[in-house]
Amino acid sequence: MLRQLLLCLGAGVLGAAAVLAAGTWLRPAPAIAVVDLQAVMAAGAQSAALRETSETETRERAARFGERLASTLRELALEYDAVILPRQAVAAGAPDLTPLLARRLGLAAHPEPGP
């Protein structure tokens, strides 16, 4: 009886391991996409600079913008099943999500590309 129980338990563990391994091997690798973080950060800073606020409020706005930027990048990565890299890190061939990122952050226009 104990032997049968151990055999069933072992078979269950092996089956679960096989399902996990198959899921890992069969899932396609995430895509690579790029964003121009320098341009987005500059556009965010320019947008904040247009408002006349105290230094403390400017810092708070910058912190909130940074949090929104990080959150939006995570959302885009999940939505597009992609690893998002800075544009400067990829020579060619990856889709540029900068315009979409800028729109979602509420930046008025597509940021000018950085150097």
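The values are calculated or read from the model by the stated rules, or taken from the named source; none is laboratory data. Owing to the predicted nature of the structure, the values given are computational and were not obtained by experimental measurement. Quick reminder, even Gly has a Cβ in these numbers, built from the backbone with ideal geometry, and neighbours come from all protein chains shown.
Below are the figures for this structure:
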{"read-out": "Selection within segment 54-83 - surrounded by 13 or more Cβ atoms within 10 Å (Cβ to Cβ) and in contact with a Lys or Arg (Cβ under 9 Å, 6 or more places away or on another chain)", "value": "58, 61, 68, 72, 76"}
{"read-out": "Close pairs from segment 51-72: first without any contact (Cβ under 8 Å) to a residue 60 or more places away in the chain and over 18 Å from residue 85 (Cα atoms), partner aliphatic (A, V, I, L, M) and exposed (fewer than 12 other Cβ atoms within 10 Å of the Cβ), Cβ under 9 Å, at least 6 apart", "value": "58/49"}
{"read-out": "Enumeration of residues in segment 78-92 that are farther than 18 Å from residue 41 by Cβ and either in a helix (DSSP H, G or I) or free of Cβ contacts under 8 Å to residues at least 12 places away in the same chain (or both)", "value": "78, 79, 80, 91, 92"}
{"read-out": "Residue within segment 21-32 that is at pLDDT 85 or above and aliphatic (A, V, I, L, M) present", "value": "yes"}
